[in-house]
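**Q** Dropping the structure in here first, questions after.
The values are calculated or read from the model by the stated rules, or taken from the named source; none is laboratory data. Values in this document were obtained by computation on a predicted structure and should not be read as measured data. Backbone-built Cβ (ideal geometry, glycine too); neighbour counts: all protein chains shown.
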Amino acid sequence: MKNLCKIFDGTHQTPTYVEKGVPFYSVEHVTANQFHRTKYISSDVFEKENKRIKLEKGDILMTRIGSIGVARYIDWDVKASFYVSLALIKKSEKINNEYLCHFIKSDFFQAELWKRTIHVAFPQKINLNEIGECLVEVPNIYEQVKIANMLSSIDKKIEVEIHILINLQKQKKILLKELFI
């Protein structure tokens with residue numbers, strides 16, 4: 001992977017959180033895929049970290065401590081900072097990052113991470129340089145885009161179906177409550 005893109009980690013300092021400010025992402029946000037409910041840091045702290053490394057649309061955040069290898073493609077305009085427990089995989093001209101995000105979720109890549117994970121650490125973790133050593137299968141760019149588009153459309157369909165399922169479960173609960181009062 002290190003030959004395809006640059007990989008960074010977030011701040012190693014736990015920041016002082018503020019009531020309102022700039023979102024601050026951690027493992028929980030990536031694993032739950034909920035980036036709208038975050039803790040916040042001040043603009044000053046954000047600007048300092050943003051000079052070191054900047055999150056951008058098209059990047060990937062991947063968990064590297066605890067739940068290792070959960071990846072989220074940043075498909076929104078982002079102004080946020082992130083903690084050391086996440087790896088930031090910067091978009092690159094050498095690979096389609098949307099494809100790469102899907103590839104990270106593959107059994108092949110998860111096995112690559114597993115081989116390089118420090119299993120005796122608690123919680124388990126993978127060092128940043130070891131992520132770069134993971135092998136990545138790279139078809140031509142045309143195939144990468146086709147694969148990414150197909151898998152992303154399936155993910156969107158799954159999201160819609162989950163939303164429908166949740167609503168149906170709520171309706172059922174209401175109906176059961178009304179039927180058996």
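**Q** Go through V84, V78 for me and flag whichever is of a type in the set (V, I, T), surrounded by fewer than 21 Cβ atoms within 10 Å (Cβ to Cβ) and in contact with a strand residue (DSSP E or B) (Cβ under 7 Å, 6 or more places away or on another chain).
**A** On the way: V78 fails: in contact with a strand residue (DSSP E or B) (Cβ under 7 Å, 6 or more places away or on another chain).
Every option except V84 fails the conditions.
**Q** Here is a follow-up. Output the number of residues of the stretch 130-162 satisfying the condition of being in contact (Cβ under 8 Å) with a residue 24 or more places away in the chain and over 15 Å from H102 (Cα atoms).
**A** Qualifying residue count for the region: 3.
**Q** When the stretch 1-36 is examined, which residues are found to be farther than 21 Å from I60 by Cα and in a strand (DSSP E or B)?
**A** V18
**Q** Sticking with this one: Test L55 against the stated conditions and say whether it is within 15 Å of I7 (Cα to Cα), crowded, with 20+ Cβ neighbours inside 10 Å and hydrophobic (A, V, I, L, M, F, W, C). If you could, list the steps in order and put the result at the bottom.
**A** Values: within 15 Å of I7 (Cα to Cα): yes; crowded, with 20+ Cβ neighbours inside 10 Å: yes; hydrophobic (A, V, I, L, M, F, W, C): yes.
When the stated conditions are applied, L55 passes them.
**Q** Further question: Can you find, within the stretch 118-141, the residue that is surrounded by the most Cβ atoms within 10 Å (Cβ to Cβ) among those that are in a loop (DSSP other than H, G, I, E, B) and under 18 Å from the mean Cα position of the chain (by Cα)? Show your work before the answer.
**A** Initial filter on the stretch 118-141 (in a loop (DSSP other than H, G, I, E, B)): 119-124, 126-127, 133-140.
Retained after the next criterion (residues that are under 18 Å from the mean Cα position of the chain (by Cα)): 124, 126-127, 134, 136.
Details: Q124: 15, I126: 25, N127: 15, C134: 21, V136: 18.
Applying the filter and picking the extreme gives I126.
**Q** Identify all residues within the stretch 96-110 that are surrounded by 20 or more Cβ atoms within 10 Å (Cβ to Cβ) and either over 20 Å from H29 (Cβ atoms) or touching a His at 6+ places or on another chain (Cβ under 7 Å) (or both); write none if there are none.
**A** Result: N96, Y99, F103, F109.
**Q** Quick check on my filter: what residues within the stretch 79-114 are part of a helix (DSSP H, G or I) and either among the aromatic types (F, W, Y) or more than 13 Å from the chain's Cα centre (by Cα) (or both)?
**A** From the stretch 79-114, those part of a helix (DSSP H, G or I) are 97-104, 107-114; that's our starting set.
Of everything in the stretch 79-114, those that are part of a helix (DSSP H, G or I) and either among the aromatic types (F, W, Y) or more than 13 Å from the chain's Cα centre (by Cα) (or both) turn out to be Y99, F103, D107, F108, F109, Q110, A111, E112, L113, W114.
**Q** (1) surrounded by 15 or more Cβ atoms within 10 Å (Cβ to Cβ); (2) in the same structural domain as L61 (by TED's automatic domain parsing); (3) in contact with a helix residue (DSSP H, G or I) (Cβ under 9 Å, 6 or more places away or on another chain): which one isn't true of Q144, the others all being true?
**A** The one condition Q144 does not meet is (2).
**Q** In the stretch 37-44, is there at least one residue being modelled with pLDDT under 95, in a loop (DSSP other than H, G, I, E, B) and in contact with a helix residue (DSSP H, G or I) (Cβ under 9 Å, 6 or more places away or on another chain)?
**A** The answer is yes, given that some residue of the stretch 37-44 is modelled with pLDDT under 95, in a loop (DSSP other than H, G, I, E, B) and in contact with a helix residue (DSSP H, G or I) (Cβ under 9 Å, 6 or more places away or on another chain).
**Q** Take the conditions in a helix (DSSP H, G or I), under 17 Å from K105 (Cα atoms), modelled with pLDDT under 95 and not aromatic (F, W, Y) and apply them to E178. Does it pass? If you could, list the steps in order and put the result at the bottom.
**A** Working: in a helix (DSSP H, G or I): yes; under 17 Å from K105 (Cα atoms): no; modelled with pLDDT under 95: yes; not aromatic (F, W, Y): yes.
Against the criterion (in a helix (DSSP H, G or I), under 17 Å from K105 (Cα atoms), modelled with pLDDT under 95 and not aromatic (F, W, Y)), E178 does not qualify.
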